[in-house]
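What follows is one structure encoded as structure tokens, with my remarks underneath.
The values are calculated or read from the model by the stated rules, or taken from the named source; none is laboratory data. What you are looking at is a predicted structure, and each value in this text was computed from that prediction instead of being measured. Cβ atoms come from the backbone with ideal geometry, glycine included; neighbour counts cover every protein chain shown.
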């Protein structure tokens, strides 16, 4: 599989706001085919009023073995902001961007013991397809992960609003 999608270009994601949550692009990552990294949008989750950094979310554009294990979307919410469904709200905000890039289906992975992430995927309508073992040579294995839950999303189920 190719790491870089043919004719790839970054799109302007537009204004991504849901109440007190604003996503701000912090980087347009071009990818690195030598290490099988696909292009990605990196966003900061910021508080719409205070500007506080509440976490991050990434949208990876492309399909390869890395995506199989780490998914198209990765997110993290700073501890003091957890419990407000920011990860799910941020995912909903970037689903239209993923759809504009033709990502189909979209995958989100998480560790089996990460109950909050599993709940986020399930609340978003993701279907748990499988729990996979990570290969010993993968970066995720090297940092201590052993398995990933793979959630499948049909983006046609989400409107553009």
Residues that are under 20 Å from residue 13 (Cα atoms) and either free of Cβ contacts under 8 Å to residues at least 12 places away in the same chain or surrounded by 17 or more Cβ atoms within 10 Å (Cβ to Cβ) (or both), drawn from segment 103-116: 103, 106, 107, 108
Matching residues, segment 71-87, being assigned to a helix (DSSP H, G or I) and either surrounded by 21 or more Cβ atoms within 10 Å (Cβ to Cβ) or free of Cβ contacts under 8 Å to residues at least 24 places away in the same chain (or both): 79, 80, 86, 87
Residue ID - farthest from the chain's Cα centre (by Cα), chosen from residues in segment 1-10 that are over 15 Å from residue 37 (Cα atoms) and either modelled with pLDDT under 95 or exposed (fewer than 12 other Cβ atoms within 10 Å of the Cβ) (or both): 7
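With respect to residue 95, is the statement that it is buried (at least 17 other Cβ atoms within 10 Å of the Cβ), within 24 Å of residue 17 (Cβ to Cβ), touching a helix residue (DSSP H, G or I) at 6+ places or on another chain (Cβ under 6 Å) and at pLDDT below 95 true? Let's see the steps before the verdict.
Values: buried (at least 17 other Cβ atoms within 10 Å of the Cβ): yes; within 24 Å of residue 17 (Cβ to Cβ): yes; touching a helix residue (DSSP H, G or I) at 6+ places or on another chain (Cβ under 6 Å): yes; at pLDDT below 95: no.
Against the criterion (buried (at least 17 other Cβ atoms within 10 Å of the Cβ), within 24 Å of residue 17 (Cβ to Cβ), touching a helix residue (DSSP H, G or I) at 6+ places or on another chain (Cβ under 6 Å) and at pLDDT below 95), residue 95 does not qualify.
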Segment 124-153: number of residues that are farther than 24 Å from residue 96 by Cβ, assigned to a strand (DSSP E or B) and out of contact with any helix residue (DSSP H, G or I) (no Cβ under 7 Å at 6 or more places or on another chain): 5
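Please go through segment 29-52 and give me each residue that is outside any loop (DSSP other than H, G, I, E, B) and loosely packed, with under 14 Cβ neighbours inside 10 Å, ordered by number.
The first filter runs over segment 29-52 and keeps only residues outside any loop (DSSP other than H, G, I, E, B), leaving 29, 32-35, 37, 40-47.
Of everything in segment 29-52, those that are outside any loop (DSSP other than H, G, I, E, B) and loosely packed, with under 14 Cβ neighbours inside 10 Å turn out to be 32, 33, 34, 35.
Would you call residue 159 assigned to a loop (DSSP other than H, G, I, E, B) and at pLDDT below 95?
Values: assigned to a loop (DSSP other than H, G, I, E, B): yes; at pLDDT below 95: yes.
Spelling it out, residue 159 is indeed assigned to a loop (DSSP other than H, G, I, E, B) and at pLDDT below 95.
On the given criteria, is residue 65 surrounded by fewer than 18 Cβ atoms within 10 Å (Cβ to Cβ), farther than 19 Å from residue 8 by Cβ and either more than 15 Å from the chain's Cα centre (by Cα) or modelled with pLDDT of 95 or more (or both)? Explain how you work it out, then say what you get.
Numbers: surrounded by fewer than 18 Cβ atoms within 10 Å (Cβ to Cβ): yes; farther than 19 Å from residue 8 by Cβ: no; either more than 15 Å from the chain's Cα centre (by Cα) or modelled with pLDDT of 95 or more (or both): yes.
No, not satisfied.
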Residues located in segment 17-28, provided they are within 10 Å of residue 93 (Cα to Cα) and either under 15 Å from the mean Cα position of the chain (by Cα) or surrounded by fewer than 15 Cβ atoms within 10 Å (Cβ to Cβ) (or both): 17, 23
